[in-house]
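The values are calculated or read from the model by the stated rules, or taken from the named source; none is laboratory data. Because the structure is a prediction, the values reported are computed rather than measured. Please note: Cβ atoms are built from the backbone with ideal geometry, for glycine as well, and neighbour counts cover all protein chains shown. We work out accessible area using only protein heavy atoms, side chains counted, and drop any ligands, DNA or RNA first. Shrake-Rupley method; radii C 1.70, N 1.55, O 1.52, S 1.80 Å.
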Amino acid sequence: MPLQPSSTAAASRSDGPEFAEILAAQLAPLPLPERMLKIAALGQVVFTTSLGLEDQVLTSLIAATHADVRIVTLDTGRLFGETETLIGETERRYGLAIDVFKPWKDEVDGFIALYGVNGFYDSVEARHACCHARKLQPLGRALANAEIWMTGLRRGQSGNRANAPLAEWDADRSLLKVNPLADQTLQTLQARAKADAVPVNPLHAKGFPSIGCEPCTRAIRPGEPERAGRWWWEQDERRECGLHLSASVSGSRARGQPRVTTSAS
Ligand code: SF4
């Protein structure tokens, strides 16, 4: 069944999962530029970039294809300086705007009052509360008018993402989520970035394949999984910040009212 540009909104409440499954099958054989154009034709797309390798490749594809995609990033207030610098560098390189969403001050103040500024080291609950205030709440605002959420998720990033589809239905946010690089390898994307002179975070060359907030990211050791440096002090191998988990797991309230969490699950 061919997907039509107007069919995303119509599918957004009833047949979203079926729609996503069909779309994933249609995207699979397409080269990346064609995937980008097909996704952009479906409706209002918001791409959330963390300026990592995958996201930089997607930004380069948006620029190359002139796809109508809004690019946003979440500035948690705890990012590496290198990441902050790369935002402006990327905008200049491609002549594109990257909209920056920051956490509400009262959300962050509430977290600090409860746990302390670096209280995320003390418990999983506190860490999820910090991610909620600094990431999930801004994400909810960034996706407020989106019909389609585009991400740079890739199956090889972690066991947790091993089955990431090219398209899926995000029931908690009631929107279509597309991961056009889900089936790509790290090596393929590195080669593409090099060939296309895509600006990348210099931390990648220093042992950081996955880059999040500065206090919560370390370089990985040889042989470690790509995301081993994220929240390395926690024991749960499936750890995520909650952006890519269902609300029932992460405590996400992406479309709900702002809150300061004291419990993340
Ligand atoms: S990654 Fe760390 S600093 Fe960033 S929002 Fe989550 S807990 Fe807070």
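If you run the Gaussian network model on the chain, springs between alpha carbon atoms under 10 Å, then out of Leu143, Leu74, Leu203 the most flexible one is Leu203. Amide hydrogen proximity for Met150: with H placed 1.01 Å from N in the peptide plane, the residues at 5 or more positions away or on another chain lying under 5 Å are Val46, Phe47, Thr48, Val178.
Residue-wise HN-Hα couplings along the range 114-131, as the Karplus relation 6.51 cos²θ - 1.76 cosθ + 1.60 with θ = phi - 60° gives them from phi, are 7, 10, x, 4, 10, x, 5, 6, 7, 6, 5, 4, 5, 5, 5, 5, 5, 4 Hz; Gly and Pro carry x.
Amide H contacts under 5 Å for Ala167: Ala24, Asn179, restricted to partners 5 or more places along the chain or on a different chain, H placed in the peptide plane at 1.01 Å from N.
Between Ala191 and Val100, the simple label model (points 7 Å from Cα in the Cβ direction) yields a spacing of 3.6 nm.
Of the residues Gln56, Leu143, Val46, the one whose Cα sits farthest towards the positive end of the charge dipole of the range 11-249 is Gln56 (charges of +1 on Lys and Arg Cβ, -1 on Asp and Glu Cβ, taken about the Cα centre). Calculated mean residue ellipticity, 222 nm, the chain: -10000 deg cm²/dmol, from DSSP H runs (n ≥ 4) at -39500 (n - 2.57) each, averaged per residue and rounded to 500. Take 43-54, 115-126 and order them by the average number of nearby Cβ atoms within 10 Å per residue, most first; the result is 43-54, 115-126.
Which value, in debye to the nearest 20, gives the size of the charge dipole of the chain about its Cα centre, when Lys and Arg are +1 and Asp and Glu are -1 at the Cβ? Once rounded to the nearest 20, the dipole reads 180 debye.
Ranking Trp149, Trp104 by solvent-accessible area of protein heavy atoms (1.4 Å probe, all protein chains present), from largest to smallest, gives Trp104, Trp149.
If R0 is 30 Å, what FRET efficiency do you get for Glu91 and Leu37 from their C-beta distance, rounded to 0.05? Calculated value: 0.85. Here the Karplus relation 6.51 cos²θ - 1.76 cosθ + 1.60, evaluated at θ = phi - 60°, turns the backbone of the range 184-198 into coupling constants of 8, 9, 4, 5, 4, 6, 4, 5, 5, 4, 5, 5, 9, 6, 6 Hz, with x for every Gly and Pro. Of the listed residues Leu96, Leu153, the order by accessible area with a 1.4 Å probe, largest first, is Leu96, Leu153.
Taking every alpha-carbon pair in the chain and binning the separations at 5 Å intervals from zero gives 1, 6, 13, 18, 20, 18, 13, 8, 3, 1, 0 percent.
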